[in-house]
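Participant: Please read through the structure below; I'll follow up with questions.
Every read-out reported here was derived from the displayed coordinates using simple, explicitly stated rules and does not represent laboratory data. Since the structure is predicted, the reported quantities are computational estimates derived from the model, not experimental observations. Positions of Cβ are generated from backbone atoms using ideal geometry, with glycine treated the same way; all protein chains shown enter the neighbour counts.
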Amino acid sequence: MSEHDSPMSRRQLLGSVASASAAIALTPRGALAESALHSMSIQQTEPAAADPLASVSDFERAARERMSTMAWEYVSGGAGDEQTLAWNTGAYTDIRLRSRVLQDVSQLDTSVQLFGRTLPHPILLAPTAYHQLVHSDGESETARGAATVESTMIVSSFATQRIEDVARAVPSASLWFQLYVQPDRGFTQELVQRAEAAGCQALCLTVDTPVLGARHRETRIGFQLPAGMSRANLERLSSATASSAHRPPEGAIYSEVLEPLLTWKDVAWLRGIATVPVLLKGVLDADDARQAVEAGVDGLIVSNHGARNLDTVPATVTALPRVAEAVAGRLPILLDGGIRRGTDVLKALALGATAVAIGRPYLYGLAVNGAAGVSRIVQLLRTEFEMAMALTGRTSLAALDKSVLWD
Ligand SMILES: Cc1cc2nc3c(=O)[nH]c(=O)nc-3n(C[C@H](O)[C@H](O)[C@H](O)COP(=O)(O)O)c2cc1C
């Protein structure tokens with residue numbers, strides 16, 4: 001076995017690359033050159049410890065063992081028969097890649113420009129509710145993990161800690177805020193101002209949830225917030241509202257904390273009061289995407305809410321090309337849903353996404369190992385993404401287009 005085939009030296013090398021490459025300029029990429037690989041493997045004296053948590057799916061299995069049944073069903077579940085849930089991940093396996101050879105891939109640049117900032121890599125944390133269900137330190141713990149790997153965290157309106165407290169706990173975190181407009185627009189405006197004052201750099205208006213989908217797993221388990229846990233950001237509405245179940249009563253579809261009256265007029269209103277970029281989260285349709293451009297929003301997130309709302313809508317990566325065509329480069333497009341591999345990140349970017357966001361994967365990391373688990377998940381995906389870039393012969397995000405796909 002040559003030193004190039006040694007799994008130990010390869011893993012150690014990649015680990016060192018991953019931890020050293022937190023900075024934007026990816027000079028450690030030179031370590032992937034054969035000479036560096038060769039010399040580093042010779043220098044290794046200690047074998048790397050075995051790591052049973054080598055992929056997102058390893059974390060998923062481990063998380064299932066650690067999470068309460070209530071938390072597991074809430075986090076992992078989708079709507080209806082969970083067709084879209086399966087498609088969100090399955091669609092990536094149906095997309096084949098073209099590998100290319102003899103390209104100089106000794107320097108990789110994974111940085112991306114978004115709203116005037118440079119992100120060192122294109123993997124964000126999608127907004128997810130109720131982190132204290134998974135870890136006692138809740139959203140602050142997630143933010144600590146996100147900060148370590150320089151990943152922007154989109155904090156949910158339904159966080160179990162107030163946005164001010166998350167920002168104060170982790171001043172180095174890059175935060176955006178996800179907005180569920182409340183029937184009380186005065187309160188909603190105040191919430192927007194609080195998020196901006198806390199340092200959130202963008203607002204993601206969730207537009208795909210006027211009502212919840214048929215979440216049978218939540219129904220079967222009787223999902224509710226445990227005593228002592230609440231939607232802390234909504235506490236100024238009323239403590240009863242903040243701790244009420246988000247699920248409507250039996251036979252009803254409307255929820256006290258979701259706004260079925262939300263329309264394009266509200267988008268104009270939000271743009272008028274916001275001082276940071278506004279993205280629409282939950283767009284799948286090309287006509288909606290065109291209207292969003294006309295409405296003057298700053299970005300879109302192609303999302304089907306992690307397959308938790310309308311079952312049998314397509315996978316997000318299936319919807320992405322039509323949205324990208326409609327937008328025609330006029331806005332940055334993010335995508336979430338089903339990203340479990342670095343190759344998934346590559347495929348989404350090739351099909352028109354500027355960046356991606358993950359939901360369940362980092363919650364599994366949070367459940368398994370707190371902040372370190374969150375950062376490890378991002379690091380794993382980033383490392384796999386870098387491998388996929390190198391093996392397709394692409395050295396920057398600008399070089400990722402449809403020509404990287406087999407078809
Ligand atoms: C447990 C959980 C809670 C979520 N809570 C919210 C939320 O509060 N607001 C929101 O806009 N989206 C929410 N989402 C959707 C995510 O933002 C994202 O669209 C989805 O998780 C991406 O799919 P993935 O989990 O396959 O990565 C939630 C998703 C999950 C799994």
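Participant: In the Gaussian network model of the chain, springs joining C-alpha atoms below 10 Å, which of Thr160, Thr148, Thr316 carries the largest mean-square fluctuation?
Facilitator: With Cα springs under 10 Å in the chain, the top fluctuation among Thr160, Thr148, Thr316 is at Thr148.
Participant: Something else about it: Give me the net charge for the shell around Val323: Cβ to Cβ below 11 angstrom, other residues only, Lys and Arg +1, Asp and Glu -1.
Facilitator: Counting the neighbours of Val323, the net charge comes to -2.
Participant: Something else: Assign one of three labels to the chain, namely rounded, prolate or oblate, based on the Cα gyration tensor with a ≥ b ≥ c the square roots of its eigenvalues; rounded applies when a/c is under 1.5, prolate when it is not and a/b is larger than b/c, and oblate otherwise.
Facilitator: On the way: a/c = 1.76, a/b = 1.49, b/c = 1.18.
Because a/c hits 1.5 or more and a/b exceeds b/c, the chain counts as prolate.
Participant: Give, in nm to one decimal, the length gained when the segment between Ala245 and Val211 is fully stretched (0.36 nm per residue of separation minus the Cα-Cα distance).
Facilitator: Fully extending the segment from Ala245 to Val211 adds 10.9 nm.
Participant: Let me ask you something else. Can you tell which of Gln107, Leu125, Phe187 lies farthest toward the positive end of the dipole of the chain, using +1 and -1 charges on the Cβ of basic and acidic side chains (Lys, Arg; Asp, Glu)?
Facilitator: Among Gln107, Leu125, Phe187, the one farthest towards the positive end of the dipole of the chain is Gln107.
Participant: Note down the net charge around Val276, summing +1 for each Lys or Arg and -1 for each Asp or Glu among other residues with Cβ under 13 Å from its Cβ.
Facilitator: Every neighbour counted, the sum reads +1.
Participant: Rounded to the nearest 500 deg cm²/dmol, what is the calculated helix-only ellipticity per residue at 222 nm for the chain, with -39500 (n - 2.57) per DSSP H run of length n ≥ 4?
Facilitator: -12500 deg cm²/dmol
Participant: Here is a follow-up. Explain nothing, just the number: dipole magnitude of segment 56-404 about its Cα centre with +1 on each Lys and Arg Cβ and -1 on each Asp and Glu Cβ, in debye rounded to the nearest 20.
Facilitator: About 460 debye.
Participant: Something else now. Segment 282-306 to segment 42-104: how many Å between their Cα centroids?
Facilitator: Comparing the Cα centres of segment 282-306 and segment 42-104, I get a distance of 27 Å.
Participant: Where the centre of each part is set by its Cα atoms, how far does segment 318-390 sit from segment 110-142, in angstrom?
Facilitator: 12 Å
Participant: Further, regarding this structure: Looking at Met387, Ser375, Ala143, which one has the Cα that reaches farthest to the positive end of the dipole of the chain (charges on Cβ: Lys, Arg +1; Asp, Glu -1)?
Facilitator: Met387
Participant: What does the charge count near Ser243 come to, summing +1 for each Lys or Arg and -1 for each Asp or Glu among other residues with Cβ under 15 Å from its Cβ?
Facilitator: +2
Participant: By the gyration tensor of its Cα atoms, with a ≥ b ≥ c the square roots of the eigenvalues, what is the shape of segment 322-388: rounded for a/c under 1.5, prolate for a/b over b/c, or oblate? Display every interim value, and only then the final one.
Facilitator: On the way: a/c = 3.11, a/b = 2.05, b/c = 1.52.
Prolate shape, in that a/c is at least 1.5 and a/b is the bigger ratio.
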